[in-house]
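All remarks here apply to the structure that follows.
The values are calculated or read from the model by the stated rules, or taken from the named source; none is laboratory data. Not measured: the values here are computed from a predicted model. Glycine gets a Cβ as well: all are built from the backbone with ideal geometry, and neighbour counts include every protein chain shown.
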């Protein structure tokens, strides 16, 4: 009976979230507004209400977390659907990272789906906007106690958007590095022996930031050398 009840609850959450996403899509497409709290409210309010069901009452924690897993999965399917309007996906990208970073530590499945959501967003949305949103999510005081396990996907996301940004690379690196150092400091200062795997994942993500910076530097050197060669050819200097 308990299993049937949870299955029914999951179906209800999926239905409610689909309706919220449809309302959000309709509002954004009609008003042609990318960033609007009012347009995103149906989705964000529902996610907050599901989050609040994860209380200290043992009878409520598991159903609440399962509800979040269902909700995150529904969101990922919406975002990755070829039928989804890119403008709607862009609008959701302003808020979803700040929400899913709170959900990611609650269960292994929440963390996995949150990672898939972030991976998709950084691959299809404006990289400059995603860099700002991810940095904001990682430095939010409300998320500082989330544990290192919820950070790595966001740090990997930052390494991806750094490579996607085409201009002002040094400026973006200067924004990202303090955020990464703060995340590492928080994660290691609050970790224990049980967090070893999560810390390893976070270190791998931090190393990926270094690899992205190295690749950016190599590109800048190539651009500089091509410029020098161009001037040399113009003035017959060899």
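Before moving on, here are some points about what is shown:
- Given (1) in a helix (DSSP H, G or I); (2) surrounded by fewer than 20 Cβ atoms within 10 Å (Cβ to Cβ), index of the condition residue 179 fails: (2)
- Residue 70 vs. criteria assigned to a helix (DSSP H, G or I) and under 21 Å from residue 180 (Cα atoms): no
- Test for residue 182: is it under 17 Å from residue 133 (Cβ atoms) and free of Cβ contacts under 8 Å to residues at least 60 places away in the same chain: yes
- Residue, farthest from residue 104 (Cα to Cα), within the range 6-56, restricted to residues that are exposed (fewer than 12 other Cβ atoms within 10 Å of the Cβ) and modelled with pLDDT of 85 or more: 15
- Any hit, the range 147-161, residues being at pLDDT below 90 and out of contact with any helix residue (DSSP H, G or I) (no Cβ under 6 Å at 6 or more places or on another chain): no
- Matching residues in the range 147-176 - criterion: being outside any helix (DSSP H, G or I) and without any contact (Cβ under 8 Å) to a residue 24 or more places away in the chain: 166, 167, 168
- Single match in 98, 109 (criterion: surrounded by fewer than 18 Cβ atoms within 10 Å (Cβ to Cβ), under 12 Å from the mean Cα position of the chain (by Cα) and either in the same structural domain as residue 25 (by TED's automatic domain parsing) or modelled with pLDDT under 90 (or both)): 98
- Test: residue in the range 222-237 that is surrounded by 10 or more Cβ atoms within 10 Å (Cβ to Cβ), part of a helix (DSSP H, G or I) and touching a helix residue (DSSP H, G or I) at 6+ places or on another chain (Cβ under 6 Å): no
- Any hit, the range 65-84, residues being in contact with a helix residue (DSSP H, G or I) (Cβ under 6 Å, 6 or more places away or on another chain) and modelled with pLDDT under 70: no
- Looking only at residues in the range 188-207 that are in a helix (DSSP H, G or I) and modelled with pLDDT under 75, the one that is nearest to residue 138 (Cα to Cα) is 195.
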